[in-house]
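Just below is one structure, and these are the notes that go with it.
The values are calculated or read from the model by the stated rules, or taken from the named source; none is laboratory data. What you are looking at is a predicted structure, and each value in this text was computed from that prediction instead of being measured. Note that each Cβ is placed from the backbone with ideal geometry, even for glycine, and that neighbours are counted across all protein chains shown.
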Amino acid sequence: MITIIRNPDIADKLVFDMKEDGKRVGGITAKLSPDGDVVITGLESEKELYYDGLCRSVLAYANVRGINRAIFDIDDERQLYRLKGFGFITDYSRVLENITEFFSRDCGGQNT
(Lines give C-alpha, C1' and ligand atoms only; values in the text may rest on other atoms or scores of the structure.)
Protein backbone atom coordinates (compact mmCIF):
# COMPACT_ATOMS: atom_id res chain seq x y z
CA MET A 1 0.00 0.00 0.00
CA ILE A 2 1.32 3.43 -0.87
CA THR A 3 0.53 6.29 1.46
CA ILE A 4 0.75 9.82 0.10
CA ILE A 5 2.20 12.28 2.57
CA ARG A 6 1.98 16.00 1.81
CA ASN A 7 3.72 18.58 3.89
CA PRO A 8 1.06 21.30 4.21
CA ASP A 9 3.72 23.98 4.68
CA ILE A 10 5.46 23.19 1.36
CA ALA A 11 3.02 23.51 -1.51
CA ASP A 12 5.46 22.48 -4.25
CA LYS A 13 6.90 19.29 -2.69
CA LEU A 14 5.44 15.79 -2.74
CA VAL A 15 6.56 12.99 -0.47
CA PHE A 16 5.20 9.50 -1.13
CA ASP A 17 5.96 6.65 1.26
CA MET A 18 5.39 2.98 0.53
CA LYS A 19 4.40 0.81 3.46
CA GLU A 20 4.10 -2.95 3.66
CA ASP A 21 2.41 -4.42 6.73
CA GLY A 22 2.67 -1.00 8.38
CA LYS A 23 6.45 -0.79 7.86
CA ARG A 24 8.01 1.81 5.57
CA VAL A 25 9.74 0.01 2.70
CA GLY A 26 10.39 2.87 0.27
CA GLY A 27 9.76 6.43 -0.71
CA ILE A 28 9.87 8.98 -3.46
CA THR A 29 10.08 12.76 -3.42
CA ALA A 30 9.11 15.16 -6.15
CA LYS A 31 8.46 18.83 -6.68
CA LEU A 32 6.43 20.88 -9.07
CA SER A 33 8.56 23.07 -11.30
CA PRO A 34 7.71 26.65 -12.27
CA ASP A 35 7.26 25.33 -15.84
CA GLY A 36 4.44 23.06 -14.72
CA ASP A 37 6.36 19.78 -14.74
CA VAL A 38 6.73 17.23 -11.97
CA VAL A 39 10.39 16.69 -11.07
CA ILE A 40 11.26 13.45 -9.30
CA THR A 41 14.16 14.28 -7.01
CA GLY A 42 14.58 11.24 -4.78
CA LEU A 43 13.81 7.53 -4.89
CA GLU A 44 14.69 4.84 -2.38
CA SER A 45 13.76 1.30 -1.53
CA GLU A 46 15.67 -1.86 -0.76
CA LYS A 47 13.45 -3.63 -3.31
CA GLU A 48 14.12 -2.10 -6.71
CA LEU A 49 10.84 -3.52 -8.03
CA TYR A 50 9.06 -0.97 -5.82
CA TYR A 51 10.51 1.86 -7.94
CA ASP A 52 7.85 1.14 -10.54
CA GLY A 53 4.92 1.59 -8.15
CA LEU A 54 6.45 4.63 -6.50
CA CYS A 55 7.07 6.38 -9.82
CA ARG A 56 3.64 5.44 -11.17
CA SER A 57 2.03 6.92 -8.05
CA VAL A 58 3.73 10.28 -8.55
CA LEU A 59 2.92 10.25 -12.27
CA ALA A 60 -0.74 9.41 -11.62
CA TYR A 61 -0.96 12.15 -9.00
CA ALA A 62 0.52 14.64 -11.48
CA ASN A 63 -1.61 13.45 -14.39
CA VAL A 64 -4.86 13.85 -12.46
CA ARG A 65 -3.82 17.46 -11.82
CA GLY A 66 -3.19 18.17 -15.50
CA ILE A 67 0.59 17.80 -15.39
CA ASN A 68 1.75 15.82 -18.40
CA ARG A 69 5.57 15.99 -18.26
CA ALA A 70 7.97 14.44 -15.74
CA ILE A 71 11.67 15.01 -15.23
CA PHE A 72 13.72 12.39 -13.40
CA ASP A 73 16.41 14.33 -11.52
CA ILE A 74 18.09 11.15 -10.27
CA ASP A 75 21.85 10.56 -10.35
CA ASP A 76 22.17 7.01 -9.00
CA GLU A 77 23.22 4.79 -11.94
CA ARG A 78 21.49 1.67 -10.59
CA GLN A 79 18.22 3.56 -10.16
CA LEU A 80 18.54 5.02 -13.67
CA TYR A 81 19.11 1.51 -15.04
CA ARG A 82 15.90 0.28 -13.37
CA LEU A 83 13.92 3.35 -14.48
CA LYS A 84 14.97 2.64 -18.07
CA GLY A 85 13.87 -0.96 -17.66
CA PHE A 86 10.45 0.15 -16.48
CA GLY A 87 10.14 2.50 -19.47
CA PHE A 88 10.11 5.80 -17.58
CA ILE A 89 13.29 7.13 -19.22
CA THR A 90 15.61 6.20 -22.08
CA ASP A 91 19.35 6.16 -22.67
CA TYR A 92 18.96 9.57 -24.29
CA SER A 93 16.56 11.38 -22.00
CA ARG A 94 15.55 11.60 -18.34
CA VAL A 95 12.33 13.35 -19.34
CA LEU A 96 8.99 11.61 -19.75
CA GLU A 97 7.36 13.95 -22.26
CA ASN A 98 3.82 12.59 -22.10
CA ILE A 99 2.48 11.00 -18.91
CA THR A 100 -0.94 10.35 -20.46
CA GLU A 101 0.66 8.42 -23.32
CA PHE A 102 2.82 6.50 -20.85
CA PHE A 103 -0.29 5.26 -19.05
CA SER A 104 -1.88 4.19 -22.34
CA ARG A 105 0.90 1.59 -22.84
CA ASP A 106 0.67 -1.93 -21.49
CA CYS A 107 2.98 -2.93 -18.64
CA GLY A 108 5.63 -4.12 -21.09
CA GLY A 109 6.14 -0.51 -22.23
CA GLN A 110 4.59 -1.04 -25.65
CA ASN A 111 1.61 0.80 -27.05
CA THR A 112 -1.55 -1.27 -27.12
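A few points about this structure:
- GLY36 meets the conditions (1) assigned to a strand (DSSP E or B); (2) loosely packed, with under 15 Cβ neighbours inside 10 Å in every case but one. The failed one is (1).
- Residues that are assigned to a loop (DSSP other than H, G, I, E, B) and at pLDDT 95 or above were ranked within region 93-112; the one that is nearest to SER45 (Cα to Cα) is ARG94.
- Within region 44-70, considering residues that are over 15 Å from GLY27 (Cα atoms) and buried (at least 20 other Cβ atoms within 10 Å of the Cβ), the one modelled with the highest pLDDT: ALA70
- Scanning region 71-90 for residues that are under 17 Å from LYS31 (Cβ atoms) and of a type in the set (D, E, K, R) turns up ASP73, ASP75.
- Test result for GLU101, free of Cβ contacts under 8 Å to residues at least 12 places away in the same chain and loosely packed, with under 15 Cβ neighbours inside 10 Å: yes
- Restricting the first member to region 74-92 and to residues that are surrounded by 15 or more Cβ atoms within 10 Å (Cβ to Cβ) and aromatic (Phe, Trp, Tyr), and the second to residues that are at pLDDT below 95 and in a loop (DSSP other than H, G, I, E, B), the beta-carbon pairs closer than 9 Å and six or more apart or on different chains are PHE86/GLY109.
- Hey, ILE2 surrounded by 10 or more Cβ atoms within 10 Å (Cβ to Cβ) and at pLDDT below 95 or not: yes
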